[in-house]
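The values are calculated or read from the model by the stated rules, or taken from the named source; none is laboratory data. Source: prediction; values computed, not measured. Here Cβ is always computed from backbone atoms with ideal geometry, including for glycine, and neighbour counts include all displayed protein chains.
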Amino acid sequence: DLLSSIKDHHSFILDSYLHSGNWFREVGFPKESIKSYLDFFDYYQKNESLLTSEELKKYIEMRSYGRSMLAESYAKLGVLDSAAIQHKENISFTKNQGYIYHPSALNNYGLFLYWHKEDLDSALYYFKQAYNFTQIEYPNHTLVGSIRDNIADIYVDQYLTEKAQLLYKTNFEFFKTAINERTLTKDIPRLISAGSQFVVTSTKLNRLKEAQLGFDELESIVVYQGNHNNLGANSKLEFLKAKELLLENQNNSTAAYTTAKQITKYADSLQRLANNGDKKWQEELNDITIDRIALNFKIVRIQKENKIKSQRSKLWFIGILSSSFIVLLVALIFSRRQHLINAKNKQLLAEQKLENSALKVEQLNSEIKSKERDLSDFAIRLTQDQDWAKGLAEQLEAIKKASSEERDILTKALEQAIANKISVDSDTQDFFDRLDKLSDAFYSKLTSSYSNLSKNEIRLCSLIRLKIESRSISTLQNITLASLNTSRYRLRKKLILSEDIDLDFFIQNL
């Protein structure tokens, strides 16, 4: 709202975009934060030539910071590709700028890979790049401690606790004397964090003496800072968690339990404070939003009223003209609709007659095919019975020519063959009756796909589907193996199977 009042004051406008981006990011509105940062970069690009040399120098750091915060906001929204692009652009931008911007950009990209991509190896690579650069160029800068802490965190996740412990220990000593470059004071939160992490990792490594010495030193720092009202809530919570872990490993259950209760109580208090803060911000933003919506609604309503008044006569004329047109159109529609209904009824009658004729033709074709299959099966059975009769005649001729002893044996064999024939025919018929009942769904599937199959061929498919051996199938069908192979060959032709497709596999997977 104030931008129009500071037109051509380029530094003020750029700062306002940055402040808006930072504020929206702090209160949890990443979309609005992204818009403000993008406005900052867009305005800078258009007006860079109008800035003074001092302003240009100032915005080197601000541009690097803005890129990092823009990437962070993208990451919060889950737009990770855009976040990665901003981090890479920041690394490229700061490469030749000097000072601490470049290792800071490398470290921020490592944090993005660690927190959002969970790519530990890539994150460690960028942390080490940043660390080596800062250790050489700016060994006393607090960024060294931050990067060292990030590397140690990855080592913890990789279960390299001993490596992590050494880095936390180094950081604990480093932050005892390190001075924060912005506040020009000791960085107490990082000091307490490094000490707490050193105690935790020492405890996990079961170096309880070393952990106790570190804890005693850390406790004195916490007590001193607490007495001077310089102890942050998160720092105190981190210290208490380290204390609880150490007490547990020292088998001091009572003190550990007391500390755990302190942690729970303190954490609940922090959560309540955070919730109250969020609620306050939300209420203020809701009030602003409601006021703006009400104002916009009022403006729109007034504009609409004015527009309606100026066009009232036109609306009356258009209304009368439209009504006349609608009446005429309705009359035409009803007339046309009746005509369409009559035409459609005639068409439906014609279609119904055609469907009935097609259905009758289909039924006749089905009956013809069924009779053809029955005739084919009858011919096959007739041929089989003729073959059996010929064999019977040959046996009778042999009986006539045989001696009295052989004649009795041959006669008994003939009687047995006849009995077997009767029994086999009866059992086989019973078997096929049951097979037909159980395979009804399979037969329907088969005949719908291959309507040219005979009844015997359909039964052969059903026997193959049941994985019955060829010898047993030939016996059931009262044919030789050679005849069965011929039947299988004819069946392949009707099923239109290529040579590389196995008949049994094809049928069993229908």
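What the table below lists for this structure:
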{"read-out": "Condition met for Leu38 (assigned by TED's automatic domain parsing to the domain that holds Leu2 and within 24 Å of Glu181 (Cβ to Cβ))", "value": "no"}
{"read-out": "When residues of segment 1-31 are limited to those that are out of contact with any helix residue (DSSP H, G or I) (no Cβ under 9 Å at 6 or more places or on another chain) and either at pLDDT 90 or above or not charged (D, E, K, R) (or both), the one surrounded by the fewest Cβ atoms within 10 Å (Cβ to Cβ)", "value": "Ser4"}
{"read-out": "Tally of residues being more than 36 Å from the chain's Cα centre (by Cα) and under 19 Å from Asn96 (Cα atoms) across segment 124-140", "value": "8"}
{"read-out": "Which listed residue, of Thr142, Thr170, is hydroxyl-bearing (Ser, Thr, Tyr), under 28 Å from Thr203 (Cβ atoms), touching a Lys or Arg at 6+ places or on another chain (Cβ under 8 Å) and surrounded by fewer than 18 Cβ atoms within 10 Å (Cβ to Cβ)", "value": "Thr170"}
{"read-out": "Cross-chain or 6+ apart pairs with Cβ under 6 Å, segment 134-163 first and over 19 Å from Ala178 (Cα atoms), then hydroxyl-bearing (Ser, Thr, Tyr)", "value": "Thr161/Thr201; Lys163/Tyr155"}
{"read-out": "Sole residue being surrounded by 16 or more Cβ atoms within 10 Å (Cβ to Cβ), β-branched (Val, Ile, Thr) and farther than 30 Å from Ala417 by Cβ, chosen from Ile464, Ile507, Ile496", "value": "Ile507"}
{"read-out": "Single condition Ser73 does not satisfy, out of (1) within 30 Å of Ser196 (Cβ to Cβ); (2) not in a helix (DSSP H, G or I)", "value": "(2)"}
{"read-out": "Residue match in segment 437-450 (condition: more than 47 Å from the chain's Cα centre (by Cα) and at pLDDT 85 or above)", "value": "no"}
{"read-out": "Residue in segment 197-204 that is among the charged types (D, E, K, R) and farther than 21 Å from Ser146 by Cβ present", "value": "yes"}
{"read-out": "Selected residue (criterion: nearest to Asn275 (Cα to Cα)) from residues of segment 32-54 that are surrounded by 11 or more Cβ atoms within 10 Å (Cβ to Cβ) and in contact (Cβ under 8 Å) with a residue 40 or more places away in the chain", "value": "Ser33"}
{"read-out": "Flag for Ile192 being touching a residue at least 12 places away in the same chain (Cβ under 8 Å) and either within 40 Å of the chain's Cα centre (by Cα) or loosely packed, with under 14 Cβ neighbours inside 10 Å (or both)", "value": "no"}
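Here's the yes/no breakdown for (1) polar (S, T, N, Q); (2) touching a helix residue (DSSP H, G or I) at 6+ places or on another chain (Cβ under 8 Å); (3) modelled with pLDDT under 90:
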site: Asp42; (1), (2), (3): no, no, no
site: Gln45; (1), (2), (3): yes, no, no
site: Glu61; (1), (2), (3): no, yes, yes
site: Gly78; (1), (2), (3): no, no, no
